[in-house]
Amino acid sequence: ITTADGEVVAGKTAAPFKFKATLVAPVIASAYYLVGDMFTNDNVNGWSAEAMKQFTHSEVNVYDDPIFTVKFETTKENQYWKIIPQDNVDGEFWANPGVVGPATDGDPAMSGVLTRDGAGAGKIEVPGKYTLTINMMDYSYTIEPTPLELYMTGSNYNWGGTESDWVPMIPVNGSDEDFWTIIYASADEMVKFAPQAGWGNDFGGNVDVINDVAGAGAVNDGTNLKFANAGWYMLHVVNGATRKVEILEPNVYLMGDAAGEWNIADSHKFTIPATADGTFESPAFAADCELRMCVSIDGFDWWKTEFMIFDGKIDFRGRGGDQARVNVTAGQKAYLNFKNRTGNIK
């Protein structure tokens, strides 16, 4: 260190002195918004505040958590995009510096470095559903296809040793993030989830929110999601910017004419077996009619989690369209085995 009078004092004791330092920190806004071609339609300009889509972010201070995420879909080739910070939304929308994007206009890279000084527009060349993640501490970005599948494995599934050891979760119709399944969990069983039937981007011990409605004693053990109490449970997993697992009672319902009315009600519930290989049994069908069955997840209409029995197998609607109908007779019942996903009517 050199003092004001030129004396070099590094490595030895010196009298107290003053110096000035300028701290250089990245500019991180309180929020960010994506604009671009993919949001343009007959009624709105995709490059406007009216069309912009906000990035999700935790409740932590942005300098402690500089990660922002947004999901979007492109239906055409070569769709351009930029990022608008909150300061620009509150002031001059296209002010520079401020708007964020790649340094090179038209850059098709799916990862790279952003700038807020003379930013260009990035370009998505191939139509699809994507997740854009930005780290505003180092101004890096990645664009990845949004995972549309989710699988579960764990201590009772050979820890995903082979593809068949991964249980496919059932998508909730109309959602890219919500999945469900019904399982029997043993005491101290551990599970994980991944967007494919194999390891990679898996999660379990790092779930952001656990909502244990059913009393499974489920916790993050640091690596996995662990169940303390054995029993049947319905898992509702949200694989989004926030990863959430709800452990719910495994309630299955008759719906519609087979139940005698078109609503979720306790009188329409299937019985829940006591054993891991047991069968869920419906109430007797109320009429000669077309069979409808479902589970119930808050925030979603019943038909978004419905399923049918075809050729002795449970067929889940998932993201598909309206399923074919199966005619049943008054007094018959449906029997479901969720362990092997089989069913019958008799």
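The residue of region 46-101 that is surrounded by the fewest Cβ atoms within 10 Å (Cβ to Cβ), among those that are among the small types (Gly, Ala, Ser) and more than 19 Å from the chain's Cα centre (by Cα), is Gly91. Per the listing Pro127, Pro147, the residue uniquely touching a residue at least 24 places away in the same chain (Cβ under 8 Å), within 19 Å of the chain's Cα centre (by Cα) and open to solvent by 10 Å² or more (accessible area, probe 1.4 Å) is Pro147. If you go through region 196-235 and keep only what is open to solvent by less than 20 Å² (accessible area, probe 1.4 Å) and more than 29 Å from Ala274 (Cβ to Cβ), you end up with Gly198, Phe203, Gly205.
Taking the criterion of being open to solvent by 40 Å² or more (accessible area, probe 1.4 Å) and among the hydrophobic types (A, V, I, L, M, F, W, C), the residues of region 317-346 that qualify are Ala324, Ala330, Ile345. Identify, please: which residue in region 263-308 is of a type in the set (S, T, N, Q) and part of a loop (DSSP other than H, G, I, E, B) and is, among those, least open to solvent (accessible area, probe 1.4 Å)? That would be Ser282.
Scan region 170-220 for residues that are within 22 Å of Val295 (Cα to Cα), among the polar types (S, T, N, Q) and under 13 Å from the mean Cα position of the chain (by Cα) and the total you get is 1. Counting only strands (runs of 3 or more DSSP E) that sit completely within region 1-91, those holding 2 or more residues that are closer than 23 Å to Met136 by Cα, hydroxyl-bearing (Ser, Thr, Tyr) and modelled with pLDDT of 85 or more correspond to 32-36. Checking each residue in region 106-123 for being of a type in the set (D, E, K, R) and touching a Pro at 6+ places or on another chain (Cβ under 9 Å) picks out Arg116, Asp117, Lys123.
Quick check on my filter: what residues within region 239-262 are surrounded by fewer than 20 Cβ atoms within 10 Å (Cβ to Cβ), part of a strand (DSSP E or B) and either aliphatic (A, V, I, L, M) or out of contact with any Asp or Glu (no Cβ under 8 Å at 6 or more places or on another chain) (or both)? Even if it seems obvious, please write down each step before you answer.
Filtering region 239-262 for residues surrounded by fewer than 20 Cβ atoms within 10 Å (Cβ to Cβ) gives 240-244, 249, 251, 257, 260-262.
Retained after the next criterion (residues that are part of a strand (DSSP E or B)): 243-244, 261.
Across region 239-262, the qualifying residue is only Glu261.
Each row is one residue, and each column tells you yes or no for (1) touching a residue at least 60 places away in the same chain (Cβ under 8 Å); (2) under 20 Å from Thr242 (Cα atoms); (3) surrounded by fewer than 16 Cβ atoms within 10 Å (Cβ to Cβ).
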site	(1), (2), (3)
Gly154	yes, no, no
Asp165	no, no, no
Glu177	yes, yes, no
Trp180	yes, yes, no
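Would you say Gly120 is in contact (Cβ under 8 Å) with a residue 12 or more places away in the chain, over 16 Å from the mean Cα position of the chain (by Cα) and part of a loop (DSSP other than H, G, I, E, B)? Spelling it out, Gly120 is indeed in contact (Cβ under 8 Å) with a residue 12 or more places away in the chain, over 16 Å from the mean Cα position of the chain (by Cα) and part of a loop (DSSP other than H, G, I, E, B).
The values are calculated or read from the model by the stated rules, or taken from the named source; none is laboratory data. Given the structure is predicted, the values throughout are model-derived calculations rather than measurements. Neighbour counts are summed over all protein chains in view; Cβ atoms, including those assigned to glycine, are modelled from backbone coordinates with ideal geometry. SASA here: full protein model, heavy atoms, side chains in, ligands and nucleic acids out. Shrake-Rupley method; radii C 1.70, N 1.55, O 1.52, S 1.80 Å.
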